[in-house]
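Note sheet for the following structure.
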2 protein chains.
Amino acid sequence: MTYDPKYENKLRESGLRPTKQRIKICEVLFDSTETFHFTIKDLVKIIENQANIKVSLATVYNTVHAFNKKGYLKEIPINSSQSYYDTNISHHHHFFDEDENKLIDIDQNDVDEVMIKKTIPGKKIKSIEVIAKIVTDN
Amino acid sequence: MTYDPKYENKLRESGLRPTKQRIKICEVLFDSTETFHFTIKDLVKIIENQANIKVSLATVYNTVHAFNKKGYLKEIPINSSQSYYDTNISHHHHFFDEDENKLIDIDQNDVDEVMIKKTIPGKKIKSIEVIAKIVTDN
DNA sequence: ACATACATTAAAATCATTCTAATCTGTTGA
DNA sequence: TCAACAGATTAGAATGATTTTAATGTATGT
């Protein structure tokens, strides 16, 4: 079977074969020019609405994890019962609106570079993320 | 029944009556001068080892949540299957060691103040947290 | 001491995530 | 091309953290 090669590289580089289901997942995640935040549940819902393809939860989890590992998606470090992912993989930060449980991007340029003076022997910093929790201002 | 008044205020201010179980939880969390990171499971295990008091999971969850809400504990924003809490409620940040799944405090003085230029109308910033993920440096 | 509101508990329920095992499909090499 | 195999898909089961339930117990104000 041959597929639209559009997402073949992305899939192969993530260690995944291109399949109907995975290509559909790619389309939902990467077709838009807008980046967005989502949970696995969200993604499954979008696919169900858009496509006549049945994709199991397990496949969605596997695929999202592979993209996350490869760096095509970023998991956002907030405490929540569900994991949130971001299609915007550029270096940036987040507001987390505690009233509405919603994430809002903060561009890297809107945060001064975070300098950490402490070091841990034998370890290097892989990423630095800033989460600013926001609430209604009364 | 009357109890050691040591933790009565803390409990009452958190909206909780002082009870045997809750006082034991307070002792484990707040008696030490050392601050520490823990999960609910950790806390239950410590109590089981130290005390001849039986405390149910539900009670531990309720009590920790009340303290977190009141600000006597802080939940640490990392993605993990379990929630991590911190008895150090001063403003500070964290390394998360991805090799060992361990948190390490970063004193506020070791991070330049984080300035965020973006604002959201009607919202105010409640907290700013920096998570720096670290890995073995090869 | 009473009445009541809150606390405790074991066990069940819930929910996200991971695993399983049976079936199916993309890929590779002859 | 096509057989064989490695990897993919799936529904459903399993897992594990957290929350809820409902019965019983306890702190508190009067």
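Here are some notes:
- Members of the stretch A:109-138 that are in contact with a Gly (Cβ under 7 Å, 6 or more places away or on another chain) and open to solvent by less than 70 Å² (accessible area, probe 1.4 Å): A:Thr136
- Failed item, numbered, when B:Ile76 is tested on (1) within 16 Å of DNA strand C (Cβ to nearest atom); (2) in the same structural domain as B:Ile25 (by TED's automatic domain parsing): (1)
- Taking the criterion of being charged (D, E, K, R) and open to solvent by 20 Å² or more (accessible area, probe 1.4 Å), the residues of the stretch A:81-103 that qualify are A:Glu98, A:Asp99, A:Glu100, A:Lys102.
- Subset of the stretch B:28-46 (residues that are away from DNA strand D (no atom under 11 Å from the Cβ), exposed (fewer than 15 other Cβ atoms within 10 Å of the Cβ) and part of a helix (DSSP H, G or I)): B:Lys45
- The criterion of being over 19 Å from B:Ile89 (Cα atoms) and either away from DNA strand C (no atom under 11 Å from the Cβ) or touching a Pro at 6+ places or on another chain (Cβ under 9 Å) (or both) does not hold for B:Glu34.
- Any hit, the stretch A:4-27, residues being away from DNA strand C (no atom under 16 Å from the Cβ) and open to solvent by 40 Å² or more (accessible area, probe 1.4 Å): no
- For the stretch A:99-138, a residue qualifies if it is part of a loop (DSSP other than H, G, I, E, B) and facing another protein chain (nearest Cβ under 7 Å), and the qualifying residues are A:Asp112, A:Val114, A:Met115, A:Lys117, A:Lys118, A:Ile120, A:Gly122, A:Asp137.
- Set A:Ile78, A:Ile106: member being within 16 Å of DNA strand D (Cβ to nearest atom) and surrounded by 18 or more Cβ atoms within 10 Å (Cβ to Cβ): A:Ile78
- Condition broken by B:Leu43, with the remaining ones in (1) within 11 Å of another protein chain (Cβ to nearest Cβ); (2) over 21 Å from A:Lys133 (Cβ atoms) satisfied: (1)
- Index of the failed condition, B:Lys69 passing every other in (1) open to solvent by 80 Å² or more (accessible area, probe 1.4 Å); (2) within 11 Å of another protein chain (Cβ to nearest Cβ): (2)
- Filter result (in contact with a helix residue (DSSP H, G or I) (Cβ under 7 Å, 6 or more places away or on another chain) and in contact (Cβ under 8 Å) with a residue 40 or more places away in the chain) within the stretch B:44-82: B:Thr63, B:Lys70, B:Tyr72, B:Leu73, B:Gln82
The values are calculated or read from the model by the stated rules, or taken from the named source; none is laboratory data. Just so it is clear, the model here is predicted, and its values are computed rather than measured. As a convention, Cβ positions derive from the backbone with ideal geometry for all residues, glycine included, and neighbour counts pool all protein chains shown. Side chains are part of the model used for accessible areas, which takes the heavy atoms of the whole protein and leaves out ligands, DNA and RNA. Shrake-Rupley method; radii C 1.70, N 1.55, O 1.52, S 1.80 Å.
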